[in-house]
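Asker: Structure incoming, see below.
The values are calculated or read from the model by the stated rules, or taken from the named source; none is laboratory data. Worth saying up front: this structure is predicted, and the values here are computed from it rather than measured. So basically every Cβ, Gly included, is an ideal-geometry build from the backbone, and we count neighbours across all protein chains shown. Accessible surface is based on the protein model in full, side chains and every heavy atom, while ligands, DNA and RNA are left aside. Shrake-Rupley method; radii C 1.70, N 1.55, O 1.52, S 1.80 Å.
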Amino acid sequence: MAESEIARDASAWTPARRGQYRHLILLWLLFLATSLVTRIVLASVSLQAGLITFIQLPYAFAAGLLLDALTGLYLCLPLAIWIWLMPARWYASRVGRLILRAGFAISVFGLLYLIAAEYFFFDEFNARFNYTAVEYLIYPTEVIGNIRDSYPVDTVLLLCALGALLITFLLRRRIARGFADPVRFARRSLVTTLLVIASAVSAWTVSLESVQSLQENRIAEEVAANGVYSFFSALRNARIDYARYYATLPEAEAIARVRELLQQSNTRWLAAADAPGNPIARAVDNSDLGPPRPMHVIFLFEESMGAEFVGSLGGKGWTPNIDRIAAESLSFTHLYASGTRTVRGMEALTTSLAPVPPESVVKRTGNENLFNLSTIMRKQGYSPTFIYGGYGSFDDMNAYYQANGWRVIDRTDMPKPRFATVWGISDEELFENALVEFDQQVARGERIFSLVMSTSNHRPYLFPAGIPGVKAEGGGREAGVRYADHAIGRFFDQLQEKPWYKDTILVIAGDHGARVYGRAQIPVSNYTIPFVVHAPSIIAPRRVDTLSSQVDIGPTVLGLLHLSYESWLPGRDILRMGVDDGYAIFNHNRNVAMMRGGELATLGFRKTINTERYDPSSDQLSPAGVNLDLERDTQALFQLSWEMFADGRQREK
């Protein structure tokens, strides 16, 4: 090669010959800058709330810079390919310049909007974009409507647009330089190849978990993360092989441990542990309690009703109606939700399955004909219904219930509402419609077994006007809780007027806590929910302090009905538990856990296991020694819940 050719090739990388790659570098640097701004904002908010300390910031920012750099590289690949494929003459033409400048302005707008979006998401979930964000984008009607009603979207869009135009204008000369001294095709091919190789290698060798693994504080992990990277990581792992990513046991040991966990004084196994079929199939005999009670059963499943709001559970006292009902009822004071979303609560209530990542069985494919509460109640002569004030297509709720023995009644089956939000009709009207349905069922001679799902205690926190103590708008979470409680009290008063009230069990339970926040991988106290059973004709008021889980609600209600039945439900009757028999199970993002005896065993993505001691008085977790029995029980319960669903053993035959 001639010396002149060598010099010419080498000069391609001098500042004067970066050509089109000035645009790529500029966009990448802008992504780094906006990501840094986002991290500073989230770190400041977390510091102010006492969720992280200054000593955690150096690693969070260093690890975050790595993730930002890689994410920026991935996001810039489309521009790199555009630069590679576009002939220099076309790239620098009037149309090419217009396309580039427009694309640059749109990209800057998107980066600025990301700052706002990440801030609001973090404020709500104490997390970067995760699987919740993935799920929400599947239902744009509800989610976009909720966002527009909850946040100053128009203002944010306007500010981002103005900011994008201003930045593009200020960088106009730098952008113009990118059209001069174009890089030749051969050199562009080499650069593109190197960028693709670098992207592939980094995607293979670097993961979100590997970067976060050195942090012991969950919020510090989230500050270190990159929202775009986290979103696509959640999307990539939306369908995972549980056994590949979580610690498991030999199946025989897992079955033996789960059978030991589920064994109660009134249960008898229907087959040996190693027999074909469902390994937890058992006969539950409640005849020692007396003859069956042919009662109607109504579940009020309350959106975001955490114990932190319920006065009778030591909360803020925003629920006078729940409290007055609880005073006349069986009230369970130490019960935990299994997850952080409504579909997790539905999974727990209907199937008692452990909350295996990444998503509830309500949304998984192959969830038809599962053994669930409806299976048992239909055999006992009940007519199960699911009544929902929104559109049941959201989160695939209608499809799930219809495929599993429930008759579905949603907003499309109800009269035009007097008041509604994007999530559904007001709770008052929902309960009015439910009572009409119940009257019709009783008139037909049917026994009611109904799950009524509320929606009002949810952003954007808009409510009918004229309700004492409830702001129609602008009242936030307090208004949401107070309105939900008001609707419950109104329903309860109307229910008592029904001739079939004395033959009814009313169950009030939260689907999950309002927010899951805090530095712990499993923020335990945020999962506490009310569970109240009201039936004064058969149940004396008392408080039950046994540690228990949302998956135990169904079997406990069946026990109160004195029903004997075949069960495949991996939940237990709380009222038959001994003092030390109780445990609670949790899912938070990719982590799952079991709490028992004051200790919490957490299974993490990529087969990590960690045991901590939980102090409920301070709501603090602290390091604990290895608790092999608890850790292996945790592995067994989650593993078997996954396997029985995945291989069809949890389906009715």
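Asker: Skipping prolines and chain starts, which residues have an amide H placed within reach, meaning under 5 Å, of the one on Gly582, given they are 5 or more residues away or on another chain?
Answerer: Answer set, sorted by chain and number: Leu547.
Asker: Points 7 angstrom from Cα along the Cβ direction at Ala465 and Gln264: gap in nanometres?
Answerer: 5.0
Asker: Right, something else. What's the local net charge at Gly392, with K and R +1, D and E -1, over the other residues with C-beta under 12 Å away? If you can, show how the numbers build up before the last one.
Answerer: Details: positive: Arg407, Arg411; negative: Glu142, Asp395, Asp396, Asp410, Asp413.
So the surrounding residues net to -3.
Asker: Say each of Ala33 and Thr53 gets a label point 7 Å from the Cα, pointing the same way as Cα to Cβ; how far apart are those two points in nm?
Answerer: In this crude label model, Ala33 to Thr53 measures out at 3.5 nm.
Asker: Which pairs break 32 Å Cα to Cα here: Lys316/Lys607; Lys379/Lys607; Lys316/Lys379; Lys363/Lys502; Lys416/Lys471? Walk me through the numbers on the way to the answer.
Answerer: Working: Lys316/Lys607 38 Å; Lys379/Lys607 40 Å; Lys316/Lys379 42 Å; Lys363/Lys502 37 Å; Lys416/Lys471 23 Å.
Distance filter (> 32 Å) returns Lys316/Lys607; Lys379/Lys607; Lys316/Lys379; Lys363/Lys502.
Asker: Additional query: On the full set of protein chains, 1.4 Å probe, figure out the accessible area of Tyr136 and give it in Å² to the nearest 10.
Answerer: Surface open to solvent at Tyr136 totals about 50 Å².
Asker: Quick one: which residues, 5 or more positions from Phe449 or on another chain, have an amide H under 5 Å from its amide H? H modelled 1.01 Å from N in the peptide plane, none for Pro or chain starts.
Answerer: Residues meeting the amide H criterion: Val297, Ser383, Thr385.
Asker: Counting only helical runs of four or more DSSP H residues, what would the 222 nm mean residue ellipticity of the chain come to if each run contributes -39,500 (n - 2.57) and the total is spread over all its residues?
Answerer: Numbers: 23 runs with 298 residues, N = 653.
Counting only the DSSP helices, I get -14500 deg cm²/dmol.
Asker: For Ile609, list long-range residues whose amide hydrogen, built 1.01 Å from N in the peptide plane, is under 5 Å from its own amide hydrogen.
Answerer: Amide H to amide H, under 5 Å and 5 or more residues apart or across chains, Ile609 pairs with Gly604.
Asker: Further question: Under the rule a/c < 1.5 gives rounded, and otherwise a/b versus b/c splits prolate from oblate, where does the stretch 47-101 land using the Cα gyration tensor? Mind showing how you got there, number by number?
Answerer: Values: a/c = 6.11, a/b = 3.33, b/c = 1.83.
Cα axes put the stretch 47-101 in the prolate bin.
Asker: On full extension of the chain, what length is gained from Gln402 through Tyr139, given 0.36 nm per residue of separation minus the C-alpha to C-alpha distance? Don't skip to the answer; put the middle values down first.
Answerer: On the way: separation 263, 0.36 × 263 = 94.68 nm, distance 1.97 nm.
Difference between extended and current length: 92.7 nm.
Asker: Quick one: helix 140-150 against the long Cα principal axis of the chain, what's the angle to the nearest 10°, folded into 0 to 90?
Answerer: 90
Asker: Please list 3J(HN,Hα) in residue order for the stretch 118-125, calculated via the Karplus relation 6.51 cos²θ - 1.76 cosθ + 1.60 where θ = phi - 60°; whole Hz, with x for glycine and proline.
Answerer: Calculated HN-Hα couplings, in order: 5, 4, 5, 5, 5, 4, 7, 10 Hz.
Asker: What is the extension gain from Val41 to Ile25, computed as 0.36 nm multiplied by their sequence separation minus the C-alpha to C-alpha distance, in nm to one decimal?
Answerer: Values: separation 16, 0.36 × 16 = 5.76 nm, distance 2.45 nm.
Extra length available between Val41 and Ile25 comes to 3.3 nm.
Asker: Right, next: Hey, rough spin-label estimate for Val626 and Ala252, points 7 angstrom out along Cα→Cβ, what's it come to in nanometres?
Answerer: For the pair Val626/Ala252, the computed spacing is 2.3 nm.
Asker: So what are the ³J(HN,Hα) numbers for the stretch 59-75, from phi and the Karplus equation (6.51, -1.76, 1.60; θ = phi - 60°), rounded to whole Hz, Gly and Pro as x?
Answerer: 5, 4, 6, 5, 5, x, 4, 4, 5, 4, 4, 5, 4, x, 4, 4, 5
Asker: Expressed as cubic angstrom per residue, what is the convex hull volume of the alpha carbon set of the stretch 519-585?
Answerer: Details: hull volume 6.9 nm³, N = 67.
Convex hull of Cα atoms, per residue: 102 Å³.
Asker: Could I ask something else about it? If you take the beta carbon distance between Leu235 and Trp500 as r and set R0 to 51 Å, what does 1/(1 + (r/R0)^6) give as a FRET efficiency, to the nearest 0.05? Show your work: numbers first, answer last.
Answerer: Numbers: r = 48 Å, r/R0 = 0.95.
So the FRET efficiency works out to roughly 0.60.
Asker: Can you tell me the accessible area per residue over the chain, all protein chains present, probe 1.4 angstrom, in square angstrom?
Answerer: Details: 26910 Å² over 653 residues.
Ligands and nucleic acids excluded, the figure is 41 Å² per residue.
Asker: Ok, one more. Report ³J(HN,Hα) in whole Hz for each residue of the stretch 301-307, in order, from the Karplus equation J = 6.51 cos²θ - 1.76 cosθ + 1.60 where θ = phi - 60°; Gly and Pro get x.
Answerer: Calculated HN-Hα couplings, in order: 9, 9, 4, 6, 8, x, 5 Hz.
Asker: Here are several values of Cα extents along the principal axes in Å: (1) 93, 65, 48; (2) 99, 68, 43; (3) 100, 59, 46. Which one was derived from the coordinates shown?
Answerer: Label of the calculated value: (3).
Asker: Follow-up question, since we're still on this one. Under 15 Å from the Cβ of Ala256, count the other residues' Cβ atoms, weight Lys and Arg +1, Asp and Glu -1, and hand me the total. Mind dumping the intermediate values first?
Answerer: Details: positive: Arg257, Arg259, Arg282, Arg632; negative: Glu251, Glu253, Glu260, Asp274, Asp629, Asp633, Glu643.
Computed value for this residue: -3.
Asker: Compute the separation of the alpha-carbon centres of the stretch 337-399 and the stretch 432-447 and state it in Å as a whole number.
Answerer: After rounding, the separation between the Cα centres reads 22 Å.
Asker: Let me ask something else. Before anything else, pin down the relative contact order of the stretch 346-404: Cα pairs under 8 Å, at least 6 apart, normalised by residue count, whole percent.
Answerer: Working: 45 pairs, mean separation 22.6, N = 59.
Normalised by residue count, the contact order of the stretch 346-404 is 38 percent.
Asker: Rounding to the nearest 10 and keeping the result within 0 to 90°, find how far the Cα-based axis of helix 227-236 lies from the longest principal axis of the chain.
Answerer: 60
Asker: Please work out how much length the chain gains when fully extended from Ala646 to Val579, using 0.36 nm per residue of separation minus the C-alpha to C-alpha distance, in nm with one decimal. Before the final figure, lay out each step's value.
Answerer: Working: separation 67, 0.36 × 67 = 24.12 nm, distance 3.36 nm.
The Ala646-Val579 span can extend by a further 20.8 nm.
Asker: Let me know the Rg and Dmax you get for the stretch 288-437 when you use only its Cα atoms, in Å.
Answerer: Answer for the stretch 288-437, Rg first and Dmax second: 16.6, 49 Å.
Asker: So what is the relative contact order of the chain, in percent, for Cα pairs below 8 Å that sit 6 or more residues apart?
Answerer: Details: 1120 pairs, mean separation 123.2, N = 653.
The value is 19 percent.
Asker: Of the accessible area of the stretch 132-182, with the probe set at 1.4 angstrom, what percent is carbon plus sulfur?
Answerer: On the way: 2040 of 3060 Å².
Here carbon and sulfur together make up 67 percent of the probe-accessible area.
Asker: What are the semi-axes of the equivalent ellipsoid of the stretch 426-524, taken as the square roots of 5 times the eigenvalues of the Cα gyration tensor, listed largest first and rounded to whole Å?
Answerer: Details: eigenvalues 173, 69, 22 Å².
Each semi-axis is √(5λ); the values are 29, 19, 10 Å.
Asker: How high is the relative contact order of the stretch 259-367, in percent, counting Cα pairs under 8 Å that sit 6 or more residues apart?
Answerer: Values: 74 pairs, mean separation 12.1, N = 109.
Taking the mean separation of contacting Cα pairs over the length of the stretch 259-367, I get 11 percent.
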